[in-house]
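As structure tokens, the structure follows; a few thoughts come after it.
The values are calculated or read from the model by the stated rules, or taken from the named source; none is laboratory data. Treat the numbers as computed from the prediction; the structure is a model and nothing was measured. Cβ placement follows ideal geometry from the backbone for every residue including glycine, while neighbour counts extend to all protein chains displayed.
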């Protein structure tokens, strides 16, 4: 009892000195940091053409105003910015619980309008970049990009240059700016991970739902097919396939998705087996609803939460698979800037240029770890039992006037 009074007195004294403040659990702080890292990676990758490019944003020469950076855009750049607006829209919808309704409506309408604008630009812009690139050393006043180097630009005076004010993360063995290549390489890594995760989730939902809901001979046959896929390690199967097939972006996405769906299928099957015996499902069947209608409208929506959590971990696994293939010289074509390819380029220069492998490895570690922590936070948020059993995952604790709320 004495200890409790001392703790209460200490809290009241600290609240009187510091005022009301919010105390976050260390686990909550870790989840927030992971979300910030994921936001930074997505933002930098989507706006790579604006951030890392030799073409200035604005150039004023003899009274004429030009926008050289926009002239270098292609459809992929507009598509990435449209995807960024969609991501920001989702973040606003998920994080605006305590905001005013009119502010949320303005943000949603503004982002929706920008999204439509970029969709129109995707049909007006060319498929490939023009061969002529605007030089960063052109005459006249210009507002340059924060990183005025293209990912394939070679600086003849900076081969294996260490980090400096000109090249913040140094250059590689061919004199290319490392930070620019990492920003543009994030596009490829995120695109491969997202598309392969979409394929894996689609196949996993289909197989798991059919196996769990119908059971019997269908479940027996499809589960034997799933176990055949589980017999082969994913990475060795990918290496075996790309040792004989020519590498391309579509092939990498398809193969990673085709080998990563098994864990999601097993999870969905277990969830469907648990849900299909509930009273509301039995009532829908008794009323004469078709089996597929019961599966789609009543069973699958309840398995979305665990599937989303599994998809986040599958996303991180897809990034690891793509980086592993690129590090081994397989998968994507030569010259494609990916984080694994940059690691592959720097493995022969560890003795005299360790930064070439250090920064992409560190970025890959931070990105994958942040995705894992975001998936863990998503699991805690979607699991009602976690809120009761683990009170440390609650958003915050407010201390005001000596009372803990």
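For the stretch 194-299, which fully contained helices (runs of 4 or more DSSP H) count at least 3 residues that are closer than 30 Å to residue 331 by Cβ, over 21 Å from the mean Cα position of the chain (by Cα) and in contact (Cβ under 8 Å) with a residue 60 or more places away in the chain?
Values: elements: 216-230, 234-242, 249-259, 262-275, 279-286, 291-294.
Counting at least 3 such residues, we get 234-242, 262-275.
Each residue in the stretch 321-339 was checked for being farther than 15 Å from residue 255 by Cβ and crowded, with 23+ Cβ neighbours inside 10 Å, and 3 of them qualify.
If you go through the stretch 43-72 and keep only what is part of a strand (DSSP E or B) and either under 28 Å from residue 194 (Cα atoms) or in contact with a helix residue (DSSP H, G or I) (Cβ under 6 Å, 6 or more places away or on another chain) (or both), you end up with 52, 59. Do the conditions hold for residue 162, that is, is it exposed (fewer than 15 other Cβ atoms within 10 Å of the Cβ) and either under 17 Å from residue 345 (Cβ atoms) or not assigned by TED's automatic domain parsing to the domain that holds residue 306 (or both)? Considered against the rule, which asks whether it is exposed (fewer than 15 other Cβ atoms within 10 Å of the Cβ) and either under 17 Å from residue 345 (Cβ atoms) or not assigned by TED's automatic domain parsing to the domain that holds residue 306 (or both), residue 162 comes out as yes.
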